[in-house]
Structure formats: structure tokens, C-alpha cells
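Read-outs: derived from the displayed coordinates by stated rules, not from any lab. Treat the numbers as computed from the prediction; the structure is a model and nothing was measured. So basically every Cβ, Gly included, is an ideal-geometry build from the backbone, and we count neighbours across all protein chains shown.
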Ligand code: CO
């Protein structure tokens with residue numbers, strides 16, 4: 001591992017924090033984006049949101065079909081359909097569960113230079129965008145699980161945390 005970041009795992013409170021809008025699209029932000037890409041590749045994730053490396057800022061990245069999406073200050077402006085599918089999350093290693101997401105979404109956000117962009121996605125990519133935008137709103141996959149499964153995963157993660165400590 002060459003990344004300086006450790007992925008924060010549930011129940012780390014930073015995963016629930018409110019995130020701040022990005023206003024400075026400067027060299028520091030570009031360096032941070034490079035660091036996030038590095039961390040995502042090393043942890044073998046499909047996406048990564050800033051809270052997962054301990055930063056309460058509205059920044060996320062998604063890598064899909066050899067394309068890297070930089071999602072800053074996002075807003076879902078349109079969504080349609082619903083689809084259930086298995087999801088995992090780097091903040092819940094080894095945990096997977098069914099999550100209902102829109103089939104199609106349109107997202108308005110900014111790229112690393114601050115340019116406004118509109119991203120349209122469906123299927124897996126739409127799911128990945130929604131998952132990362134959830135992170136920026138303090139929402140986690142367990143919040144989409146059934147109450148029983150959510151409790152089971154919570155207990156498992158708390159136990160794991162205690163064993164590590
Ligand atoms: Co996640």
C-alpha cells in the first residue's frame with residue numbers, strides 16, 4: 001500500500017458527518033483527487049467518497065468501464081425506475097446486501113476544475129453514483145437493508161471494531 005489513507009469503516013462517526021461544499025478548485029483539490037484515485041485502486045473499490053478517508057467534503061469518484069468519474073458537489077436532478085441489486089462498500093468489508101436504486105439517474109455536479117457537468121447513467125453506473133452520493137449525505141448501505149439485516153451487520157461490524165481495538 002502506498003496510499004496514506006486508511007479507509008474508515010463503520011461505525012466510524014465521520015461516515016455520518018455532514019459534508020461541506022467544495023468551493024476552491026485549486027491545486028490542493030487536484031492532489032486530493034489523485035490521492036483518492038490511488039486509495040480506491042489499492043483498496044480495489046469501484047468508487048470512493050471523501051468521508052471514507054475521513055474528509056467531510058462533497059467529493060466522490062467512480063471508476064467504471066475504464067472511465068474515471070469525478071463527482072463534486074453532486075445533486076441528483078432526475079431519476080426513474082427502480083432496480084434491486086447486490087452492493088458492497090469499502091467501509092463494510094465483506095458485507096453485501098440488496099439495495100434498491102433508480103434504474104436511471106441524471107446528476108449535476110462539478111469536475112476537478114470546477115466545471116459544471118451533467119452525467120447520465122443507468123444500471124450499474126447509476127447504482128455506483130447513487131451509492132457515492134449517499135456517502136456525501138451520511139447515508140450508508142445498511143440504511144437500505146431490511147431492519148433485521150441492518151441489525152445483524154451493525155452487530156458484526158461493532159464486534160469487529162472491538163476485536164481490532
Ligand atoms: Co461505499
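Things to note:
- Relative packing of 79-86, 91-98, 34-41, which averages over residues the other C-beta atoms within 10 Å, highest first: 34-41, 91-98, 79-86
- For the pair segment 104-133 and segment 1-77, the centres of their Cα atoms are 14 angstrom apart.
- Full extension of the chain between residue 30 and residue 160 yields a length gain of 43.4 nm, computed as 0.36 nm times the residue separation minus the alpha carbon distance.
- Look at the alpha carbon pairs under 8 Å that are at least 6 residues apart: their mean separation over the length of segment 70-165 gives a relative contact order of 25 percent.
- Ordering 30, 8 by the number of other Cβ atoms within 10 Å of each residue's own Cβ, fewest first, gives 30, 8.
- More than 30 angstrom apart: percent of Cα pairs within the chain: 13 percent
- A crude spin-label estimate for the pair residue 63 and residue 84, with each label 7 Å from Cα along the Cβ direction, gives 3.1 nm.
- Full extension of the chain segment joining residue 17 with residue 111 gains 31.6 nm, where the gain is 0.36 nm per residue of separation less the Cα-Cα distance.
- Among 61, 76, 53, the largest mean-square fluctuation in a Gaussian network model of the chain (Cα springs under 10 Å) belongs to 76.
- Gain on full extension, evaluated as 0.36 nm per residue between residue 75 and residue 41 minus their Cα-Cα distance, stands at 9.7 nm.
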